[in-house]
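J.: One structure is given below, represented as structure tokens, and several questions about it will come after.
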Amino acid sequence: MNIRFFPLDFDYKLKENKVVVYLYGKMEDGTNICVLQEHQPYFYARWKPSLEALSPSSSQPDSFPPEFQQLSLETSDGVARTTAVEEVERELLGIKSTFWKVYANYPKAVPVLAQQLESSGLEVYERDILFIHRYLRDHGITPMTLVEAQGEFVPDQNLRVPVFLAQQLQQFSQEAVQKLKILSLDIETYAEKKEISPVQNPILMIGLYGQDQSGLEFRKVLTWKRFQHELGYVEHVQDERELLERFRQIVIDYQPDIITGYNTDGFDFPYLKVRADKYNLILNLGRDHSELLAGTKSFRDGEAKIKGILHLDVFKFIRNIFGKDLKTDSYSLDAVSSELLGYKKHPVNLDELSHIWNHDPDKLVDFCIYNLHDAHLAFKLCELLLPDMIEFTKIIGLPTFDLIRMRFSRLVENYILKRAIEYKVLAPNKPGEYESGQRREESIQGAFVYEPTPGLYHNIVVFDFRSLYPTIITAHNIGPEGFRCPCCADTEHVPEQETYWFCQKEKKFLPTVLEELILRRADLKRLIKEEKALGHEIKMLEARSYALKLLANSFYGYLGFFGARWYCIECAASTTAYARNYIKKTIHQAQEKGFPVIYSDTDSCMLLLGEKILSQAFEFMNEVNFSLPGSMELEFQGSYPSGLFVALKSGEKGAKKKYALLSSDGQVKITGFETVRRNCSPIAKEIQEHVLQLALTEKVPEAVRYVRDMIKKMKQGEIPLEQLIIKTQITRELDSYSSIAPHVAIALRLQQQGESILPGTVVEYVIITGEGLVRDRAVLPDEARERKYDADYYIYHQILPAVSSILAVFGYTEDDVAADSSQIGLGKFF
């Protein structure tokens, strides 16, 4: 019989000496199911080139070495054996050759057997490809989409869902799963000093929020403290042990397709696991009755998995992939929810939770509301971002669980590995430690920058090269396979790199798969425009476009990434060389046509219309595009009535990537100023933004008066505390800082109080009056409420630096702006 289902989560087991893949998913009617299919692991081998030369009759021996045909090695996981060998033709870095496809009896046998063959004089490839990833690529199966299986249902008491044994499995369509049952969780723990100590401190509450396919809500807060309340979703249990047991039963009974949360990899699940271990409880949440898998030694980069239930940690997806385009300077649940959902966390002071738990439990009502609200926010974020996760899954073809935990380099590499199957291309091996170290030392020349002359300009036109680096790679066939190919030595060489050239006769593998991404996105953008005009839903289409854009733009970085399989520093250098060449040509053409160039950086060019009209600028753009190869294209990005460019701190030279443009509708586009950076207080950002608005509309005297008025208010103590909070990110381990800046001093204090401070943590502080260095006067916002803020610090280290470069364009110095304020020596602060 045939069935169709959407595979969501994956696992494999050894059954009767056979490797069986478990595909957990949902059938079209919503029934949970697990489909089983056998699959055999393998890797590739061939003689090393140095040994090939020893063979008098051929480039390599005719057959696989007989002594390895039935290779058998004892390991801690069992006996690793070769089960079959097959001769195949594959392409490796542009060269086709014969390889042996060596099959193993189970996945963990692959590296053991490969090492033995390598030590005996063979080269081995793809020994580190994850088994489930290989299975999906070999069968062309895309998770989260509709798959057809041929076989029969079989009884299996070891699973909580019906089991279907498949003889054949194939992709039926790219239709994505629509209605999924999602359950979100959030825990609150006891902490007297903000410490994260799962061994010492119990879990006080577990908040759960879910929705089924019909939209029916599930709301629950479990807690083991009794108190008066009217919350219908609060359930009291006897103690923490019963809390964990009840949580386990709810997950099993609810049967979610997806379980989610915010930083559930790094906090909630490992904490639950540690506390369960304390009571010798087994959180056997898996569809196969298996225990929750969660790293408990280091919470930082762990992964938590429940077999058969797809665990999506929304924080991981935002941090690794989606968050690059967010405006917020923090990936906290509060900041992300505020930007994406328009909702903030329920306001409570978590520092008071332990005291209230012990001494005033009736006040726990607010914390229960907070707990459920956090779970609800995580649910809403998962629901919102699920289309994006699905689109990345469809494009790259790997389990969604794995994808959301990948950085861009891994996303690109896994997309290439997927396409390599189609083109019968073999993946080069990852570099070893020594080779990685050598690659880290290599560097290339970056982009060309045409520095601006500081000033206020009018009638500015901005052009950008669309996807410059990806289109250069495809237009010039840049990739390791075609680098310095012998057949094209006399053809076009890379600008500024006379010893570099690429094949001109045959499109190579990497440029081909990248070009397909670019063309797919171009078609998709046209479709989005058409569907939007018809009033149709375009959410999934936009998610797909976003995924394609990120993936294509990451290819250049991947080529120069030290850990890449397809690493080619010459390719990365050639890409930037072509980019410099094209932007310089565009600048020259613009100047020849009478368009003064005021600024250019990497892929953009800003021109002045002067006496010309916009249509003439479009004519210039079309002329440029007529001469460009491949899919390269100069695009119109906008026209602006005015724009402001400022000087570097050190002199009169124009600052790179620091300007503001005023659109015809009055909106200000700001690049590089403190308003889009951390380390700047809200008051400084607010003042700077207002000054830019006034400067762009040539109301400079008004801007100066405004700044002077704000300085006066600052001195008189009229600025609210919330406007003075400075947020700074901890970028590395605290013990690696050689100098102690205010944010590091605050972080060290928090660490001493037991709080976990990891790279990426954003700390908040206020500078108050007093003796000593600035770092000695940095305090937490709550500590500053009864203290006097240091007005001079905020004037001379926040406000004036935020506006001085802007007003300097019009001839004002800091002393002019500060008016009756006297400059304070820097020694007071550092």
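Computed from the coordinates by the stated procedures, all read-outs in this text should not be read as laboratory data. Just so it is clear, the structure is predicted and the values come from calculations on it, not from any experiment. Cβ: placed from backbone, ideal geometry, glycine included. Neighbour counts: every protein chain shown.
J.: Could you point to the residue in 590, 553, 510 farthest towards the positive end of the range 449-659's charge dipole, with +1 and -1 charges on the Cβ of Lys/Arg and Asp/Glu respectively?
T.: Highest projection toward the positive end goes to 553.
J.: Rounded to the nearest 0.05, what FRET efficiency do residue 769 and residue 152 have when you use their Cβ-Cβ distance and R0 = 56 Å? Walk me through the intermediate numbers first.
T.: Details: r = 79 Å, r/R0 = 1.41.
Efficiency computed from Cβ-Cβ geometry: 0.10.
J.: A further question on this structure: For the range 2-176, how big is the tail of P(r) above 29 Å, as a whole percent of Cα pairs? Each step should come with its number before you reach the end.
T.: Numbers: 5191 of 15225 pairs.
When every Cα pair of the range 2-176 is considered, 34 percent fall beyond 29 Å.
J.: Still on this model: Pick the calculated semi-axes √(5λ) of the Cα gyration tensor in Å for this structure from (i) 57, 34, 23; (ii) 48, 42, 25; (iii) 72, 36, 29?
T.: Answer by label: (ii).
J.: With each run of n ≥ 4 DSSP H residues scored as -39500 (n - 2.57), what mean residue ellipticity at 222 nm is computed for the chain after dividing by its residue count and rounding to the nearest 500 deg cm²/dmol? Numbers along the way, then the final one.
T.: Values: 24 runs with 281 residues, N = 830.
Helices in the chain give a 222 nm mean residue ellipticity of -10500 deg cm²/dmol.
J.: Continuing with this model, one more query. What is the extension gain from residue 225 to residue 525, computed as 0.36 nm multiplied by their sequence separation minus the C-alpha to C-alpha distance, in nm to one decimal?
T.: Values: separation 300, 0.36 × 300 = 108.00 nm, distance 5.46 nm.
Extending this stretch completely gives an extra 102.5 nm.
J.: Arranged by the count of other C-beta atoms within 10 angstrom, fewest first, what order do 621, 144, 540 take?
T.: Values: 621 20, 144 24, 540 15.
So the residues, fewest neighbours to most, are 540, 621, 144.
J.: Can you pull the percent of Cα pairs in the range 449-659 with separation above 31 Å? Can you show the working numbers first?
T.: Numbers: 6892 of 22155 pairs.
Considering the range 449-659, 31 percent of its Cα-Cα pairs are separated by more than 31 Å.
J.: Length gain on complete extension for the stretch residue 758 to residue 281, per 0.36 nm per residue less the alpha carbon to alpha carbon distance?
T.: Working: separation 477, 0.36 × 477 = 171.72 nm, distance 2.97 nm.
This chain segment gains 168.8 nm when fully extended.
J.: Can you give the relative contact order of the range 27-184 as a percent, counting alpha carbon pairs under 8 Å and 6+ residues apart?
T.: Numbers: 239 pairs, mean separation 40.5, N = 158.
This gives 26 percent for the range 27-184.
J.: Step by step: find N for the range 230-332, compute 2.2 N^0.38 Å, then divide the Cα radius of gyration by it. What's the final number? Could the numbers behind the result be given before it?
T.: Numbers: Rg = 15.2 Å, N = 103, 2.2 N^0.38 = 12.8 Å.
Dividing the Cα radius of gyration by 2.2 N^0.38 Å gives 1.19.
J.: At 30 angstrom or more along the helix axis (alpha-carbon based) and mean Kyte-Doolittle of 0.5 or higher, what helices does the chain contain? Whole DSSP H runs only. Don't jump to the answer; show the numbers that get you there.
T.: Details: long enough: 365-396 (45 Å, 0.78); 509-533 (37 Å, -0.10); 569-592 (35 Å, -0.56).
Both cut-offs are met by 365-396.
J.: If you put +1 on each Lys and Arg Cβ and -1 on each Asp and Glu Cβ, how big is the dipole of the chain around its Cα centre, in Debye rounded to 20? Don't jump to the answer; show the numbers that get you there.
T.: Numbers: 97 positive and 115 negative charges, 81 e Å.
It works out to roughly 380 debye.
J.: Just to confirm a number: summing +1 for Lys and Arg and -1 for Asp and Glu over residues other than residue 499 whose beta-carbon lies under 12 angstrom from that of residue 499, what do you get? Walk me through the intermediate numbers first.
T.: On the way: positive: 484; negative: 496, 498, 570.
After counting each charged neighbour, the total is -2.
J.: Which net charge results when you count Lys and Arg as +1 and Asp and Glu as -1 among the other residues whose beta-carbon is under 12 Å from that of residue 118? Walk me through the intermediate numbers first.
T.: On the way: positive: 46, 48, 127; negative: 123.
Every neighbour counted, the sum reads +2.
J.: Taking neighbour counts of Cβ atoms within 10 Å as a proxy for exposure, in what order, fewest first, do 391, 481 appear? Don't skip to the end; give the middle numbers.
T.: Details: 391 21, 481 25.
Ranking 391, 481 by Cβ neighbours within 10 Å, fewest first, gives 391, 481.
J.: What Cys residues in the chain are without a partner cysteine, judged by a Cβ distance under 4.7 Å?
T.: Those would be 34, 368, 382, 487, 488, 605, 680, since no other cysteine Cβ in the chain comes under 4.7 Å of theirs.
J.: Additional query: Can you bin every Cα-Cα distance in the range 612-730 into 10 Å intervals starting at zero and give me the percent of pairs per bin, rounded to whole numbers?
T.: 11, 28, 31, 17, 9, 3, 0
J.: Given charges of +1 on the Cβ of Lys and Arg and -1 on the Cβ of Asp and Glu, with all other atoms neutral, how large is the dipole of the range 692-828 about its Cα centre, in debye to the nearest 20? Show your work: numbers first, answer last.
T.: Working: 15 positive and 20 negative charges, 13 e Å.
Dipole size: approximately 60 debye.
J.: Starting with the highest mean, order 513-519, 742-748, 367-373, 83-89 by the number of other Cβ atoms within 10 Å, averaged over the residues of each peptide.
T.: Working: 513-519: 19.4, 742-748: 21.3, 367-373: 23.0, 83-89: 12.9.
Highest to lowest by the protection proxy: 367-373, 742-748, 513-519, 83-89.
J.: Another question about this same structure. What is the ratio of the Cα radius of gyration of the range 692-828 to 2.2 N^0.38 Å, with N the residue count, to two decimals? Provide the component values of the computation, followed by the final result.
T.: On the way: Rg = 17.1 Å, N = 137, 2.2 N^0.38 = 14.3 Å.
So the range 692-828 has a normalised radius of gyration of 1.20.
J.: Additional query: Which pairs in the list 96/505; 712/788; 505/525; 539/669; 278/345 are over 19 Å apart, alpha-carbon to alpha-carbon?
T.: Values: 96/505 17 Å; 712/788 16 Å; 505/525 31 Å; 539/669 26 Å; 278/345 31 Å.
From the list (96/505; 712/788; 505/525; 539/669; 278/345), the Cα-Cα distance tops 19 Å for 505/525; 539/669; 278/345.
J.: Additional query: Just report the Cα centroid separation between the range 416-445 and the range 214-275, whole Å.
T.: 44 Å
J.: A follow-up question, please. Mind listing the long-range amide H neighbours of residue 303? Cut-off is under 5 Å, sequence gap 5 or more, other chains count too, H placed in the peptide plane at 1.01 Å from N.
T.: 295
J.: In addition: Sorting 226, 319, 127 on the 10 Å Cβ count, fewest up front, what's the list?
T.: On the way: 226 12, 319 18, 127 21.
Ordered from fewest to most neighbouring Cβ atoms within 10 Å, 226, 319, 127 come out as 226, 319, 127.
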